[in-house]
Amino acid sequence: MKNLVILGAGTGGTMMANHMIKRLPKKDWKITIVDQYKTHYYQPGFLFLPFDMYKSKDVKKKGGKFIPKGVNYILQKIDKIVPEKNEVILENETLNYDILIIATGTKIAPEETEGMLGDEWHKSIFDFYTYEGSKALRNKLREWEGGKLVVHITEMPIKCPVAPLEFAFLADSFFKHKEMRDKVDITYVTPLDGAFTKPKATETLHYLLEEKQIKEVTNFNIEKVDSENGKIIDYAGVEVEYDLLVTTPTNLGDEMIERSGLGDDMNFVPTNKGSLQSKQHENIFVIGDASNIPASKAGSVAHFEGEILEDNIMRFIEGKPLKEEFDGHSNCFIETGNGKALLIDFNYTQEPVTGQFPFPGVGPLSLLKETRMNHMGKLAFRWIYWNMLLKGTAIPFVSNAMSKKGKNIENVENKD
Amino acid sequence: MEEVIANKSIKVNEEGYLTDFAQWDKSIGLEIATKKGIEMTDRHWEVVDYLQDKHKKEEALSIRGIKKSGIFNVKEFYGLFPGGPLKVSTMIAGIPKPKSCI
Ligand SMILES: Cc1cc2nc3c(=O)[nH]c(=O)nc-3n(C[C@H](O)[C@H](O)[C@H](O)COP(=O)(O)OP(=O)(O)OC[C@H]3O[C@@H](n4cnc5c(N)ncnc54)[C@H](O)[C@@H]3O)c2cc1C
């Protein structure tokens, strides 16, 4: 009997369990998946929870519901991987593997920034990248009477890199509805050159910030939070004052990766960006946020990776060369407030452009343009997530390789 | 795009970053630094070595990485390359401008 072990039962891990159970003969292979929590969170919903647009029950379900029958589901903390012995050490037992899939994702590390994780954490300084943070922020926003709201990114890479900007847009809309927009001053603070990092997107979308009167502070690299005086300070000495700080702390891979000696500086696993095989060990594969590939860290990316990884694991077992086919495809809705959203679709080499999606000339979704239909798309994503994505079902009309059809491409190349 | 740097024809992008690291040598780094108003010291070159080493290993540059490197700290980095330290130092080192742009 051979063992396939999957570490992490989030988006990528759950999906891979569903893919592999269909491919690996039961008489030869045992599939095991491990996670520390019994709850599976719908993380994209953490963006809506603070504004009372979603309820708690919309963003959490029992993880076991999504693990297919026949897969051994273990709820324990993973202590470390010992690649030399093909072993994974858990809290209370040790697993052997022939093939390992790492899907332990990324999480926020507020302790990396001086002054962030102090007495004011979840009082005047919030994250919305965790269920706890998002819920605490909801409670705060229900009663907040206004002042300086600063929406901030600590450093890249972060998962769902547009989420903080969406938060700023939704905040504008939220306060307008509460008829208190005039009491709130919104500033968006980023370490990057601009709010939209890709040139074409900047050109098309900058009007949104102006229209919503969101101030922008760019190239800001935070050194510390001075929570006593309500300001963030960067290494060049620039200060931004806040009454309410909504920050996205540094995102790191799990400490387990560091303990196993498998990570880079940020605990992400060096991975072949085309085949998804780890660079250090041929029988270790990586899906989702846990890898260091230069694609966006997003659920849609994990989804596009899934089918390629499934094939590559089968090829690996059969001793065939791996396909280096993953193109970095990412597809992401951007909420812009007032019931509208944008859609972007891009990959390693093609930056987001305007056009229609998925059908050229028809849509129904519009690329890089604010529409109500895109907002419906974003809300539908929750249903797709629970009912299709986690189950490893292909999404109709959207292939894992990015399509150039329907896109207005005028030689705009992605420079990152 | 081609640009003449230190009497050599070098491939660069619109922002002035080298597009072919193989073309880099110290004289090129020195000329870019001079244009940026930076007087290179041994300490500056140590930073350049660190950045190039990361680039060769295909490892992303990050603040956390700099903190962990033990070679220099972020404050000193700002002192050596005022303005946008990573932006300026990567240009001098002949490697691409990193995503997180300090
Ligand atoms: C606010 C927000 C908005 C987002 N919006 C979108 C969006 O609109 N569209 C989109 O596509 N994506 C979005 N994302 C990103 C998306 O949620 C992630 O990219 C996706 O969940 C990554 O899947 P993963 O399997 O790599 O990691 P995860 O789903 O995070 O799963 C990792 C799992 O590993 C487990 N684990 C880690 N370490 C250990 C350990 N030591 N022991 C045991 N278990 C461990 C964790 O408990 C977790 O269950 C958003 C994320 C956030 C935070």
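Data for the structure
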item: Among (1) away from every other protein chain (no Cβ under 11 Å); (2) out of contact with any helix residue (DSSP H, G or I) (no Cβ under 7 Å at 6 or more places or on another chain); (3) over 25 Å from residue A:145 (Cβ atoms); (4) of a type in the set (Val, Ile, Thr), the one test that residue A:269 misses; result: (2)
item: Residues of the stretch A:210-255 satisfying the condition of being within 16 Å of the ligand (Cβ to nearest atom) and over 26 Å from residue A:169 (Cβ atoms); result: A:252, A:253, A:254, A:255
item: Subset of the stretch A:253-274 (residues that are touching a Pro at 6+ places or on another chain (Cβ under 9 Å) and surrounded by fewer than 20 Cβ atoms within 10 Å (Cβ to Cβ)); result: A:261, A:273
item: Members of the stretch A:197-222 found to be in a strand (DSSP E or B) and within 25 Å of residue B:98 (Cβ to Cβ), listed by number; result: A:216, A:217, A:222
item: Residue A:236 under 30 Å from residue A:399 (Cα atoms) and not in a strand (DSSP E or B); result: no
item: Any hit, the stretch A:276-283, residues being away from every other protein chain (no Cβ under 12 Å), touching a strand residue (DSSP E or B) at 6+ places or on another chain (Cβ under 8 Å) and aliphatic (A, V, I, L, M); result: yes
item: Residues within the stretch A:123-132 that are assigned to a loop (DSSP other than H, G, I, E, B), within 16 Å of the ligand (Cβ to nearest atom) and either over 19 Å from residue B:63 (Cβ atoms) or hydrophobic (A, V, I, L, M, F, W, C) (or both), tallied; result: 2
item: Of the criteria (1) crowded, with 20+ Cβ neighbours inside 10 Å; (2) out of contact with any strand residue (DSSP E or B) (no Cβ under 7 Å at 6 or more places or on another chain); (3) part of a helix (DSSP H, G or I), which one residue A:172 fails; result: (2)
item: Residue ID - surrounded by the most Cβ atoms within 10 Å (Cβ to Cβ), chosen from residues in the stretch A:64-120 that are assigned to a helix (DSSP H, G or I), away from chain B (no Cβ under 14 Å) and within 15 Å of the ligand (Cβ to nearest atom); result: A:66
item: Entirely in chain B, the helices (runs of 4 or more DSSP H) that have 2 or more residues that are surrounded by 13 or more Cβ atoms within 10 Å (Cβ to Cβ) and within 14 Å of chain A (Cβ to nearest Cβ); result: B:42-56, B:63-69, B:74-80, B:85-93
item: Unique residue being in a helix (DSSP H, G or I) and within 14 Å of the ligand (Cβ to nearest atom) when the list is A:17, A:9; result: A:17
item: Residue match in the stretch A:392-408 (condition: within 14 Å of the ligand (Cβ to nearest atom), in contact (Cβ under 8 Å) with a residue 60 or more places away in the chain and farther than 19 Å from residue A:276 by Cα); result: yes
item: Failed condition for residue A:249, given (1) of a type outside the set (A, V, I, L, M); (2) touching a Ser or Thr at 6+ places or on another chain (Cβ under 6 Å); (3) within 11 Å of chain B (Cβ to nearest Cβ); result: (3)
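Quick grid of which residues meet (1) without any contact (Cβ under 8 Å) to a residue 12 or more places away in the chain; (2) among the acidic types (Asp, Glu); (3) more than 20 Å from residue A:271 (Cα to Cα):
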position: A:1; (1), (2), (3): no, no, yes
position: A:83; (1), (2), (3): no, no, no
position: A:94; (1), (2), (3): yes, no, yes
position: A:102; (1), (2), (3): no, no, no
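No lab work stands behind these numbers, since they all come straight from the coordinates. These figures come from a predicted structure and were not determined experimentally. Glycine gets a Cβ as well: all are built from the backbone with ideal geometry, and neighbour counts include every protein chain shown.
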